[in-house]
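A quick write-up on the structure given underneath.
Coordinate-derived values only; no laboratory data. What you are looking at is a predicted structure, and each value in this text was computed from that prediction instead of being measured. Because the Cβ atoms are built from the backbone with ideal geometry, glycine has one as well, and the counts that use them run over all protein chains shown.
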Amino acid sequence: MSSHPRRRRGVLPGFNLALGFTLVYLGAIVLLPLCALVIRSAALTVQQFWDVVTAPRLMASYRLSFGASFIAAAINTVFGLLLAWVLTRYRFPGRRIVDALVDLPFALPTAVAGIALTALYSNNGWIGRYLEPLGIKVAYTPVGVLIALVFIGLPFVVRTVQPVLEDLERELEEAAATLGATPWQVFSRVIFPVLLPALTTGFTLAFARAIGEYGSVIFIAGNMPMVSEITPLIIVTKLEQYDYTGAAAVATVMLLVSFSLILAINALQSWNRRRYTRQD
Amino acid sequence: MESKTLHPAGLTADMTTIELMAEPLRAGGWLVSEAYAPPARRPRTRGAPPLVRRLLIASAVAYFALVVLTPLVAVFYEAFRKGAEFYLASLSEPDALAAVRLTLILALIAVPLNLVFGVAAAWAIAKFEFRGKSLLVSLIDLPFAVSPVIAGLIYVLMFGLQGWLGPWLSAHGIKVIFALPGLALATIFVTVPFVARELIPLMESQGKDEEEAALVLGASGWQTFRRVTLPNIKWGLVYGAILCNARAMGEFGAVSVVSGHIRGETNTMPLQVEILYNEYNFVAAFAVASLLALLALVTLVVKTIVEARTHEVSAR
Amino acid sequence: MKNRIRALLALTAFLTAAAQADVTLLNVSYDPTRELYQEVNAAFARQWQATNKEKVTVRASHGGSGRQARSVIDGLEADVVTLALAYDIDEIAEKAKLLPADWQKRLPNNSAPYTSTIVFLVRKGNPKNVRDWDDLTKPGVSVITPNPKTSGGARWNYLAAWGYALKKFGNDEAKAKGFVASLFRNVPVLDSGARGSTTTFAERGQGDVLVAWENDAFLALKEFGPGKFEIVVPSVSILAEPSVAIVDRVVDKRGTRKVAQAYLDFLYSEEGQDIAGRNFYRPRSQKASAKYAKQFPRVNLFTIDQIFGGWTKAQKTHFADGGVFDQIYQPGK
């Protein structure tokens with residue numbers, strides 16, 4: 001393993017240049033500024049840091065940010081799978097349009113999404129006015145946060161599951177069906193296990209994206225301390241109170257979470273790739 | 001060196017079984033970015049009973065309409081609430097034009113830089129083995145998961161007057177945050193992963209046999225890259241650039257922290273939307289927002305075309 | 001090809017176009033002054049052109065008062081700051097040393113060329129019969145106000161309510177806290193800025209009463225059309241003094257002290273005072289006050305110095321992390 005790549009590295013040129021450039025660019029744009037953040041928060045003692053990041057208002061915001069992100073990602077996993085399934089397996093009018101527009105939440109600026117969703121779900125909006133008589137309040141409640149996060153997370157599950165579904169070997173399903181399996185059994189025993197890694201990746205991506213989301217959420221959240229205040233908003237609030245160190249401390253916590261999630265996604269994928277090749 | 005003697009792109013004939021088997025998983029790849037092929041096979045009609053099928057389609061489309069379509073329709077509806085004349089007037093207002101200009105400039109800075117970075121990173125990662133590769137990949141992904149607010153904050157801590165470099169920059173009359181460079185940095189930060197993430201799986205799947213063959217036949221490194229690699233990754237590049245561009249133009253949280261909000265100067269389009277909204281000028285706010293939504297739609301159209309092209313090329 | 005070059009040139013021209021002026025000033029201000037300074041800036045440019053034969057462009061930046069002050073501290077090169085409260089300018093003086101600590105003494109009237117106060121905006125016909133601060137604490141009355149941690153206007157709102165409660169309960173701090181706490185229990189949405197709250201109340205239809213800057217309440221009547229809302233003036237309120245100051249370090253570096261000083265002086269001139277009155281700010285000059293007297297209802301006003309002993313103290317007691325406002329939102333209290 002160790003001598004093999006070195007031999008091959010010799011053949012193609014440009015490794016040093018490419019890697020060097022990558023590291024310098026990444027270092028300057030991403031790593032150095034992130035270091036500034038961590039160092040800034042290191043101005044606090046461990047005890048102070050702990051007190052800042054576990055203050056009751058922050059704990060409530062973690063519960064909301066992580067809880068709503070988790071539920072949103074879960075909803076999107078279910079409906080994302082459904083959408084991906086329908087898009088790859090069935091033909092229906094408008095399929096191509098739906099297929100193209102699935103990415104809209106990714107391409108639409110978050111602030112635009114935020115004001116549009118607020119306009120829709122406030123109790124005089126198109127959707128909100130029908131929910132109001134039912135006693136359901138969406139805008140300016142944690143449910144509003146959830147709606148915004150569902151919106152921005154949708155593409156991730158669909159787009160990770162879709163290609164896998166398309167490449168799924170039909171022979172397997174047909175074989176199972178020939179052997180007398182019901183469609184549901186084919187799905188749950190044959191298809192689902194193959195989809196599981198992609199579903200998990202999609203879920204984690206949607207989750208990771210939702211935790212940090214700011215633009216679309218602040219318009220619809222209501223921003224009540226202890227109730228509908230997301231963690232990124234607390235960072236902004238601290239900043240506006242000139243509390244740079246506190247803002248940096250909370251940001252460091254979020255950064256750690258983000259990085260762990262990214263590591264998890266990548267580990268999941270390389271594990272998955274290995275598993276697949278071993279089967280071969 | 002004729003590049004046509006080599007396979008143009010996608011699945012090469014001499015692709016190993018392992019690579020073929022890994023193909024579907026590469027798709028498990030990442031993000032929206034994966035250029036999947038539209039189904040070439042005739043969609044199957046057997047399987048689930050027709051009623052179930054219809055139910056599935058109906059619920060999927062209903063969910064889609066509720067989550068994605070209604071906000072889009074709402075943007076355009078609100079933008080045209082006072083008629084087309086008012087709509088055009090809102091867009092030709094000097095501050096709105098300045099915002100459009102700034103947003104274009106930022107995209108023109110961020111997209112090419114991230115294209116170069118993406119190619120370099122993908123070249124190193126996809127074509128070579130080295131220690132710490134998976135960590136590097138994770139670091140490239142990191143800006144995707146970092147809250148945009150944090151992305152703005154880090155540049156304030158770096159370049160702000162109370163930050164590391166701020167006093168020095170101020171003494172030398174260099175403005176970074178609250179000016180174009182800071183906005184550009186924040187935009188670049190949030191769009192770092194997109195091109196690289198698009199190219200890495202593509203170049204990995206293509207392997208390096210073609211490049212090696214070209215080199216053996218006497219092409220220089222640069223020639224090999226231009227004549228062999230570049231044509232192979234062309235559509236991946238376009239695709240990455242589109243995603244990068246969409247995100248660059250639409251970023252709100254990060255630029256909001258470093259903008260300074262000077263009218264007609266440091267307000268990007270998303271910030272202009274917020275400003276108009278705060279001036280009770282809702283129709284104008286939605287008008288600018290509709291431009292951004294339009295951009296998103298154009299992005300998706302181009303993306304669909306590119307996908308079709310990618311598929312065509314790889315099916316050949 | 002020719003067309004392409006032409007298109008490219010047009011694009012370049014579009015991208016590099018920028019208004020070139022002889023002198024520029026940057027006025028970093030807070031949210032509700034957008035309309036005021038739009039008018040002031042144009043009038044000042046006319047006056048400067050007439051007297052000094054020089055073109056001056058005043059650039060404006062608006063946002064939450066705290067956010068704006070933070071930007072100046074971080075290096076946004078503001079020649080003048082016109083913020084919602086003196087505390088935010090104090091912070092600029094203290095944290096970044098961009099102007100002397102005694103800045104407030106440099107201009108007349110505590111460096112506040114115009115004043116305002118806090119009033120209520122209710123829906124047409126006042127269905128919940130809101131008359132005074134007491135009504136905001138009643139169950140079933142939904143109150144919209146921004147977050148005092150981020151919005152300058154919201155701090156004035158909060159302090160106005162607190163001042164009323166102190167008067168009512170004979171300076172009993174604990175009872176005042178209970179009063180303000182029950183008021184905030186009626187708040188369903190805390191926007192980060194005053195403008196956000198007005199939008200939430202007026203456009204999104206949330207809440208029965210909006211606690212707002214007087215000038216913003218008048219503007220809302222104008223912008224959202226008459227006959228939709230009514231202004232209710234409480235029995236007592238706070239005298240809000242939005243302060244203005246020159247940022248010394250910036251004007252000295254950019255060589256704009258003279259024009260910046262003239263700009264602030266213009267605010268105190270009869271023309272500037274008239275513009276303030278027209279934009280629903282209470283002018284200081286006798287002439288303008290008399291002219292707009294009918295517009296502004298009489299309110300018993302107390303100052304922040306009388307009740308709270310100045311901004312620094314009020315900020316520390318009420319709005320700092322762990323302060324009274326945070327305690328109100330602490331669970332179980």
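Give me the distance between the Cα centres of region A:221-244 and region A:86-134, rounded to whole Å.
When both Cα centres are located, 27 Å separates them.
Mind listing the Cα extents of chain C along all three principal axes, in Å, largest one first?
Taking max minus min along each principal axis of the Cα atoms, chain C gives 71, 50, 43 Å.
With θ taken as phi - 60° and the coefficients 6.51, -1.76 and 1.60, list the Karplus ³J(HN,Hα) couplings across region B:218-230 in order, rounded to whole Hz; mark glycine and proline as x.
Calculated HN-Hα couplings, in order: x, 6, 7, x, 5, 4, 4, 4, 6, 8, 10, 5, 4 Hz.
How far, in degrees from 0 to 90, does helix C:2-16 lean away from the longest principal axis of the Cα atoms of chain C, to the nearest 10?
The two axes meet at around 50 degrees.
May I ask for the net charge around B:Val149, where only other residues with Cβ less than 12 Å from the Cβ of B:Val149 are counted and Lys, Arg are +1 while Asp, Glu are -1?
Values: positive: A:Lys238; negative: A:Glu213, A:Glu240, B:Glu251.
Net of charged neighbours comes to -2.
Kyte-Doolittle cut-off 0.0, length cut-off 18 Å along the helix's own axis using Cα: show which whole DSSP H helices in chain A pass. Can you show the working numbers first?
Values: long enough: A:56-89 (48 Å, 1.06); A:142-167 (38 Å, 1.53); A:192-212 (30 Å, 1.38); A:244-279 (52 Å, 0.44).
Answer set is A:56-89, A:142-167, A:192-212, A:244-279.
When only C-alpha pairs under 8 Å and at least 6 residues apart count, what is the relative contact order of region A:87-193, in percent?
Values: 61 pairs, mean separation 24.3, N = 107.
About 23 percent, as a whole number.
Translational D (Stokes-Einstein, µm²/s) of region A:38-279 at 25 °C and 0.890 mPa s when Rh comes from the Kirkwood sum over C-alpha pairs?
D, rounded to a whole number, is 123 µm²/s.
Taking the beta-carbon count within 10 Å as an exposure proxy, list B:Val283, B:Val52, B:Val216 from fewest neighbours to most. Mind showing how you got there, number by number?
On the way: B:Val283 17, B:Val52 12, B:Val216 9.
Listing B:Val283, B:Val52, B:Val216 from fewest to most nearby Cβ atoms yields B:Val216, B:Val52, B:Val283.
In what order do B:Phe282, B:Phe80 fall by count of nearby beta-carbon atoms within 10 Å, going from fewest to most? Please report the intermediate quantities before stating the final value.
Working: B:Phe282 20, B:Phe80 15.
With the fewest neighbours first, B:Phe282, B:Phe80 line up as B:Phe80, B:Phe282.
Report, to the nearest 10°, how far helix C:257-268 tilts away from the longest principal axis of the Cα atoms in chain C, using its own Cα long axis and a range of 0 to 90°.
Roughly 40 degrees, rounded to the nearest 10.
Through the Karplus equation 6.51 cos²θ - 1.76 cosθ + 1.60, θ set to phi - 60°, convert the phi angles of region C:40-52 into ³J(HN,Hα) values in whole Hz; use x for Gly and Pro.
4, 4, 5, 5, 5, 4, 4, 5, 5, 4, 5, 8, 10
About its Cα centre, what dipole magnitude does region A:38-279 give when the only charges are +1 on Lys and Arg Cβ and -1 on Asp and Glu Cβ, stated in debye to the nearest 20? Don't skip to the end; give the middle numbers.
Details: 18 positive and 14 negative charges, 50 e Å.
Around 240 debye, computed over region A:38-279.
Quick one: which residues, 5 or more positions from C:Leu26 or on another chain, have an amide H under 5 Å from its amide H? H modelled 1.01 Å from N in the peptide plane, none for Pro or chain starts.
Long-range HN contacts for C:Leu26: C:Arg59, C:Asp79, C:Val80.
Could you line up A:Cys35, B:Cys244 from fewest to most neighbouring Cβ atoms inside 10 Å? Write out the running numbers ahead of the final one.
Details: A:Cys35 15, B:Cys244 30.
Sorted ascending by nearby Cβ count, the order is A:Cys35, B:Cys244.
How many angstrom lie between the Cα centre of region C:203-278 and the Cα centre of region B:104-152?
45 Å
Antiparallel as a % of all DSSP beta bridges within the protein assembly as shown, to the nearest 5?
Numbers: 17 of 31 bridges.
The answer is about 55 percent antiparallel.
Which residue fluctuates most in the GNM of chain C (Cα springs below 10 Å): C:Arg185, C:Arg282, C:Arg106?
Evaluated over chain C, the most mobile residue of the options is C:Arg106.
Modelling each spin label as a point 7 Å along the Cα-to-Cβ direction, I'd like the C:Lys253/C:Gln306 distance in nm, to one decimal.
4.1 nm
Taking the Cα centroid of region A:140-168 and of region C:39-87, what is the distance between the two, rounded to the nearest whole Å?
Region A:140-168 and region C:39-87 have Cα centres spaced 44 Å from each other.
If you restrict to DSSP beta bridges whose two residues both lie in chain C, what percentage is antiparallel, to the nearest 5? List each step's numbers first, then the result.
Working: 16 of 30 bridges.
Bridges in chain C that DSSP calls antiparallel: roughly 55 percent.
Taking θ as phi - 60°, what are the ³J(HN,Hα) couplings along region C:23-31 by the Karplus curve (6.51, -1.76, 1.60), each to the nearest whole Hz, with x for Gly and Pro?
10, 10, 10, 10, 9, 8, 10, 9, 4
Build a GNM of chain A with springs between Cα atoms under 10 Å: which of A:Ala206, A:Ala248, A:Ala119 gets the top mean-square fluctuation?
A:Ala119
Whose amide H sits under 5 Å from the amide H of A:Lys137, counting only residues 5 or more places off or on another chain, with H placed in the peptide plane?
none
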